[in-house]
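Notes follow the structure.
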Amino acid sequence: MGNSETVLAMSVPLQITEIFHSLQGESTYAGKPCVFVRLTGCSLRCGYCDTKYSYFGGRTMTLEEILASVAQYRTRLVEITGGEPLEQEGAIPLMKRLVGEGYTVMLETGGHVALDPVPEKVIKIVDVKCPGSGEADTFRMENLEQVQPWDEFKFVISSRNDYEWSLDFYRQHLASGAQTVLFSPVHNMVAAVQLAQWILADGVNVRLQLQLHKYIWGPDARGI
């Protein structure tokens, strides 16, 4: 990318639903203080989505405004989430700036957008959509080749069928990889104890993930 293209990319504003400081509720970073930058917009419509409010609206912010908002908090862990962050052109320059300024940066992404432009140091949490989401045919298989050992794969499980599907995908494509694999029950659809029993019965080397923030603040709380 030439200098003029770099300046143009860095000037692309982003549509932001919210920026807030909370505890990380998911991934292997669960429990750590984190600043969340939630981008607006997503082309997927997962049936169990708990952030439908991020589909539309938000406010336009420049890169510098976002960085200033993040900097007001003392934590050095930042998650770029959505919506689907990679559907906005300005998401890549934002991650590059945050990495360049010494932040540990996480990206929550649905797996249907190419990962190759994402900066290498960003920790990608890649959601492999199960049949129960209604979006299981959207995952880009080439993204399996665009991950680093520190990245993670997530399966959001809403039924026994989703679990069996996830287990098959894991065994075919992820079991020999270095990435952490997360099996996460849809809140109030699959009991955590039930998913735990399935995992233990099958002896599968995945991590059970609960959405910690929903147990602390409740399933409908925002900005926490």
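The values are calculated or read from the model by the stated rules, or taken from the named source; none is laboratory data. Computed from a predicted structure; not experimentally measured. Cβ sites come from the backbone with ideal geometry, for glycine too, and all protein chains shown count toward neighbours.
Which condition number in (1) polar (S, T, N, Q); (2) closer than 18 Å to residue 161 by Cα; (3) part of a loop (DSSP other than H, G, I, E, B) is the one that residue 194 fails?
Unmet for residue 194, out of (1) polar (S, T, N, Q); (2) closer than 18 Å to residue 161 by Cα; (3) part of a loop (DSSP other than H, G, I, E, B): (3).
Could you list all residues from the range 98-115 that are within 16 Å of the chain's Cα centre (by Cα) and not hydroxyl-bearing (Ser, Thr, Tyr)?
105, 106, 107, 108, 110, 111, 112, 113, 114, 115
Might you check whether a residue that is closer than 17 Å to residue 22 by Cβ and among the basic types (Lys, Arg) occurs anywhere in the range 72-83?
Yes, because at least one residue in the range 72-83 is closer than 17 Å to residue 22 by Cβ and among the basic types (Lys, Arg).
From the list 15, 88, 24, pick out the single residue that is within 15 Å of the chain's Cα centre (by Cα), of a type in the set (S, T, N, Q) and more than 21 Å from residue 214 (Cβ to Cβ).
88
Name every residue in the range 154-186 that is in a loop (DSSP other than H, G, I, E, B), closer than 18 Å to residue 135 by Cβ and either within 19 Å of the chain's Cα centre (by Cα) or charged (D, E, K, R) (or both), in order of residue number.
Within the range 154-186, 158, 186 qualify.
Considering only residues that are in a helix (DSSP H, G or I) and over 17 Å from residue 157 (Cα atoms), which ones fall in the range 197-224?
213, 215, 216, 217, listed by residue number.
Assess whether residue 60 counts as being farther than 29 Å from residue 185 by Cβ and modelled with pLDDT under 95.
When the stated conditions are applied, residue 60 does not pass them.
Condition check ((1) surrounded by 18 or more Cβ atoms within 10 Å (Cβ to Cβ); (2) under 21 Å from residue 80 (Cβ atoms); (3) at pLDDT 95 or above) across all residues:
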site	(1), (2), (3)
162	yes, no, yes
188	no, no, no
193	no, no, yes
203	no, no, yes
